[in-house]
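Heads up, the thing below is written out as structure tokens.
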Amino acid sequence: MRTTRLLLRSGLTLAAAATLPTWLAGPSAAVTGISVSTIGTTVSVVTSACTQANGSWGNASLLNSGQTAFAQGRQVALAGTTVSQSAAWSGVSPGTYTVVVVCSNGGTAGTQSVIVSSAPAAPTTSSTTRSAAPSRGVMGGLGGAARDYGPLTLGIGAALVGSGVIATGWYLRKRSKPYRL
């Protein structure tokens with residue numbers, strides 16, 4: 001009876017420890033969508049969600065803050081292969097923009113906001129399926145709770161989970177020994 005309880009507790013603890021890193025990591029990176037990046041005044045988008053129909057992969061549109069419809073933005077045809085499709089806009093003036101990708105079958109591959117700064121900076125890349133958290137706070141209706149945890153944060157979390165599993169095993173091992181006087 002004692003062994004059964006010990007095994008049940010150990011199993012539940014290990015199951016909780018195994019699911020914790022998955023929960024901390026957040027959304028899976030394997031989900032399809034779009035990835036938007038900026039380098040200076042060039043904005044580019046990459047997706048793998050579109051399929052070719054009638055010789056076209058689809059279109060991408062760059063909308064400024066005053067534009068709301070796909071047709072109002074600067075449209076560029078997607079180019080690429082079955083693995084990856086991309087589009088780019090150069091000479092984009094500083095400001096906040098929304099990138100929308102519509103595949104040739106009419107489905108939206110994704111929508112994401114991006115901020116183009118006036119000074120050339122290091123490349124910034126973010127990836128999402130619907131919309132990304134802006135770098136300067138919450139933009140009305142586009143979220144702000146989504147966050148990409150870096151490898152340092154995930155490493156620290158994994159170390160904490162690992163030390164918890166080891167401590168739990170040590171504690172259960174000590175409890176399972178007969179009491180000595």
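Please count how many residues of segment 51-68 are part of a loop (DSSP other than H, G, I, E, B), surrounded by 15 or more Cβ atoms within 10 Å (Cβ to Cβ) and either among the hydroxyl-bearing types (Ser, Thr, Tyr) or within 24 Å of the chain's Cα centre (by Cα) (or both). Explain how you work it out, then say what you get.
So in segment 51-68, the residues part of a loop (DSSP other than H, G, I, E, B) come out as 51-52, 54-55, 57, 65-68.
Right, trim to surrounded by 15 or more Cβ atoms within 10 Å (Cβ to Cβ) and you get 52, 57, 67.
If we keep only those that are either among the hydroxyl-bearing types (Ser, Thr, Tyr) or within 24 Å of the chain's Cα centre (by Cα) (or both) too, we end up with 57.
Counting residues in segment 51-68 that are part of a loop (DSSP other than H, G, I, E, B), surrounded by 15 or more Cβ atoms within 10 Å (Cβ to Cβ) and either among the hydroxyl-bearing types (Ser, Thr, Tyr) or within 24 Å of the chain's Cα centre (by Cα) (or both) gives 1.
Which residue, of Ser113, Ser118, is at pLDDT below 90, part of a strand (DSSP E or B), under 21 Å from Thr41 (Cα atoms) and out of contact with any helix residue (DSSP H, G or I) (no Cβ under 7 Å at 6 or more places or on another chain)? Don't jump to the end; show me each part of the working.
Details: Ser118 fails: part of a strand (DSSP E or B).
Every option except Ser113 fails the conditions.
Taking segment 48-76 on its own, how many of its residues are touching a residue at least 12 places away in the same chain (Cβ under 8 Å) and over 26 Å from Ser118 (Cα atoms)?
11
Which one of these is closer than 30 Å to Gly150 by Cα and loosely packed, with under 14 Cβ neighbours inside 10 Å: Ser48, Ser93?
Working: Ser48 fails: loosely packed, with under 14 Cβ neighbours inside 10 Å.
The conditions single out Ser93.
The values are calculated or read from the model by the stated rules, or taken from the named source; none is laboratory data. Note that the coordinates shown come from a computational prediction; the quantities given were computed from them, not determined experimentally. Counting neighbours? That spans all protein chains shown, and the Cβs are built from the backbone with ideal geometry, glycine included.
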